[in-house]
Amino acid sequence: MSSSAARESFDPEFLRRKYAQEREKRLRPDGNEQYQEIKGEYSYFLDDPYVDTPLVREPLTDQVEVAIIGGGLGGLLAGARMREAGIEDIRMIEKGADFGGTWYWNRYPGAACDIEAYTYLPLLEELGYLPPRKYCDAPEILAHCRRIAEHYRLYDNACLQTEVKQMAWDEAARRWIIHTDRDDRIQARFVVMVNGPLNRPKLPGIPGIDDFKGHTFHTSRWDYGYTGGDARGNLTGLRDKRVGIIGTGATAVQCVSHLGEWAKQLYVFQRTPSGVDPRNDHPTDMAWAASLKPGWQKQRQKDFTAILTGRGGRRGEIDQLDQFDDAWVEMGKIYRRRMREAGKDVPREKVLEVFELANFEKMENVRRRIDEIVEDPETAEALKPWYAFMCKRPCLDDRYLPTFNRPNVKLVDTKGQGVERITERGVVVEGVEYELDCLIFATGFEVGTDYTRRAGYDLIGVDGQSLEDKWRQGMRTLYGIHTRGFPNCFIVGNGQASFTANYPDGLDEGAKHIAHLVKHFQDQDITRVDAAEEAEQAWSAEVYGTEARGPMGGTSCTPGYYNLEGQHDPRAKHNQPYGGMMGANLYFAKLEAFRQAGDLPGLELA
Ligand code: NDP
């Protein structure tokens with residue numbers, strides 16, 4: 001043990017070895033290919049269980065100025081910022097029967113947001129709304145989405161229950177032709193694509209998956225007709241049922257306590273445990289609320305993003321850090337304390353060492369809490385995450401760990417190998433068959449597959465080129481927003497743009513930027529805009545050249561969707577956000593500088 005390790009309550013050498021061993025156990029040669037696309041005989045997993053009245057309408061063949069594809073928070077923000085800019089002729093196109101996107105689909109019991117509501121819920125000041133508690137649950141977020149849509153009149157002219165199937169550029173008309181599953185042929189001068197990063201549920205390719213004869217569904221299409229209850233629990237239909245859930249990511253962490261409370265027997269099939277921190281929810285402090293000054297929310301979002309991207313620990317930014325009090329900033333606080341202890345002018349190698357030790361300390365806290373809560377030592381051991389903070393999405397939940405103390409709940413740990421087989425009766429792990437009435441897939445969403453596959457439609461741009469072809473070797477864009485050969489099309493997402501765990505922050509920056517551009521084009525009678533070749537090359541090279549993740553991230557992490565299942569896919573560096581996981585506020589500053597410049601550098605206008 002080194003001299004610095006001797007002072008620690010943990011052994012860094014042991015942790016380095018343990019993390020590497022646990023990661024090694026989970027690496028699979030098939031990487032992302034271990035999952036199967038939901039289509040064909042599995043399509044029923046995608047059916048919308050929330051729609052009461054299927055829509056019947058005639059196909060549309062009209063024209064709009066702006067079509068926004070996707071009615072989740074990103075689409076709503078794009079619509080809202082356009083309305084604020086004075087753009088009236090907007091059509092939102094959305095697959096769900098209402099707005100909400102991820103919050104429309106994810107209504108599983110316990111669904112809630114792990115980021116504080118003051119930061120996560122967009123447009124609080126614009127709407128004059130303050131959440132009643134620090135955290136909000138899925139029904140409140142869905143209500144907020146509807147609030148945004150109503151406030152900004154986005155239901156007007158919207159096409160809900162409508163899926164885009166293809167978009168083709170008509171050079172002569174300088175418009176996009178949008179084809180949908182309702183045989184619409186809508187012409188749009190500008191299109192904004194906000195498909196969402198986690199919009200396509202995925203299934204694991206476990207042998208025998210279609211043999212199961214019991215009831216089954218994916219968490220993002222929760223079948224309350226079967227379970228009873230709603231997103232707040234009360235799953236009375238499960239009282240006499242043996243239920244299995246595959247997956248222990250952020251979704252499962254939220255719904256397992258409800259399943260444990262209501263099912264006759266619950267089996268939780270785990271491959272890799274999540275890190276679970278306390279939630280400590282509380283009502284909004286009204287004295288604090290009264291003290292807020294105009295502009296507070298944007299500033300709070302910026303501060304939160306600064307902390308999550310490693311900028312919260314610097315001297316002079318201490319106030320930023322202290323206004324938050326949750327597990328997201330705990331790591332930053334530990335790092336700040338350790339940097340203070342390390343003294344002035346710390347060399348770069350030492351900074352990385354301090355960062356690593358802070359990360360170890362943070363995760364030791366997570367592991368210690370499991371020992372404090374979970375009574376059975378073997379179960380407690382199996383629930384411990386052996387990887388760095390932010391290798392997987394941190395979870396904030398007070399009910400998950402105690403659920404494993406219930407007599408009707410069993411953790412079936414697959415020791416990193418995953419479920420062995422599914423039979424007509426249940427699930428097999430290490431040769432033992434667990435008989436089930438209901439099997440729930442909490443197995444997440446497609447990430448790292450082709451953009452157009454996840455979107456569910458292809459784009460045919462100038463000279464018949466498809467976006468799928470153009471991006472076959474990875475994304476090429478200007479600011480992640482424009483891609484040459486696809487004029488008048490704007491993308492809001494994280495590829496070559498920004499990533500922050502407070503996802504709506506990045507969506508809003510993209511929305512404001514695009515609203516600014518469209519307004520400018522309308523005012524100047526500009527009917528065609530495309531990225532200049534050199535500008536696109538320069539931006540794509542800049543993105544490619546940045547470090548993929550902060551220290552202790554990327555492929556050194558345990559496999560998962562954050563790191564393409566631990567595979568070295570050369571496309572991943574093209575598709576990463578600007579500055580990897582650390583560049584969000586820098587990216588926002590770049591967009592701001594572009595808008596300030598006024599002469600739209602890098603764009604070809606006609
Ligand atoms: P994830 O992709 O995070 O989790 C999928 C789970 O399925 C993992 O535990 C995975 O194990 C497991 N799994 C996959 N294949 C197998 C197999 N063959 N056998 C056993 N287990 C298997 O999906 P989630 O839906 O949980 O979360 C997705 C994202 O949604 C989160 O990361 C977060 O960004 C977001 N979310 C946000 C919330 C919020 O508070 N705002 C709340 C809930 C979700 P392994 O880890 O080993 O791959």
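For region 500-519, backbone nitrogen atoms closer than 16 Å to the point 7 Å from residue 605 Cα along Cα-to-C-beta are found at 513-519.
Which distance in nm do the two modelled labels at residue 569 and residue 232 give, with both placed 7 Å along the Cα-to-Cβ direction? With each label placed 7 Å out from Cα toward Cβ, I get 4.0 nm. Expressed as a whole percent, the accessible surface of the chain that belongs to carbon and sulfur atoms is 48, based on a 1.4 Å probe.
Restricting the count to DSSP beta bridges whose residues both fall in the chain, what percent are antiparallel, rounded to a multiple of 5? Percent antiparallel among DSSP bridges in the chain is about 40.
Converting phi to 3J(HN,Hα) with the Karplus coefficients 6.51, -1.76 and 1.60 and the offset θ = phi - 60°, region 101-112 yields x, 4, 7, 6, 7, 8, 10, 4, x, x, 4, 6 Hz in sequence order, with x at every glycine or proline. Once you sort the root eigenvalues of the Cα gyration tensor of region 473-604 as a ≥ b ≥ c, which label holds: rounded (a/c under 1.5), prolate (a/b larger than b/c) or oblate (the other case)? Because a/c hits 1.5 or more and a/b exceeds b/c, region 473-604 counts as prolate.
In the chain, Rg over Rh equals 0.95, where Rg is the alpha-carbon radius of gyration and Rh the Kirkwood radius from pairwise Cα distances.
If only the Cβ of Lys and Arg carry +1 and only the Cβ of Asp and Glu carry -1, the dipole of region 296-391 around its Cα centre is close to 780 debye. Amide H contacts of residue 497: 578, each under 5 Å away and 5 or more positions distant or on a separate chain (H built 1.01 Å from N in the peptide plane; Pro and chain starts excluded).
The listed residues 516, 258, 574, once ranked by accessible area (1.4 Å probe) with the largest placed first, stand as 516, 574, 258.
Given a 1.4 Å probe, how much area per residue of the chain is accessible, in Å²? Ligands and nucleic acids excluded, the result is 41 Å² per residue. Per the Kirkwood formula applied to alpha carbons, region 52-174 shows a radius of gyration over Rh ratio, Rg over Rh, of 1.01. Tally Lys and Arg at +1 and Asp and Glu at -1 over the other residues with C-beta under 9 Å from the C-beta of residue 243: what net charge comes out? Residues near residue 243 contribute +2 overall. Counting trypsin sites (Lys or Arg not before Pro) as exposed when in a DSSP loop with at most 12 other beta carbons within 10 Å, what is the longest stretch of the chain free of them? Between the exposed loop sites, the longest stretch runs 58-212.
Counting only other residues whose beta carbon sits under 11 Å from that of residue 222, what net charge do I get with K and R as +1, D and E as -1? Neighbour charge sum, excluding residue 222 itself: 0. Using a simple spin-label model with pseudo-atoms 7 Å out from Cα toward Cβ, residue 433 and residue 151 lie 5.5 nm apart.
Cross-link pairs exceeding 25 Å between alpha carbons, from the set 298/590; 384/410; 344/392: 344/392.
In this structure, the pairs whose alpha-carbon distance is over 31 Å, taken from 302/350; 134/333; 350/573; 519/573; 350/470, are 519/573; 350/470. Judged by the ratio a/c of the largest to the smallest principal axis of the C-alpha gyration tensor, region 296-391 counts as oblate, that ratio being 1.5 or greater while a/b is no larger than b/c.
The values are calculated or read from the model by the stated rules, or taken from the named source; none is laboratory data. All of these numbers come straight from a predicted model, not from anything done at the bench. Counting neighbours? That spans all protein chains shown, and the Cβs are built from the backbone with ideal geometry, glycine included. Only protein heavy atoms, including side chains, enter the accessible area calculation; ligands, DNA and RNA are left aside. Shrake-Rupley method; radii C 1.70, N 1.55, O 1.52, S 1.80 Å.
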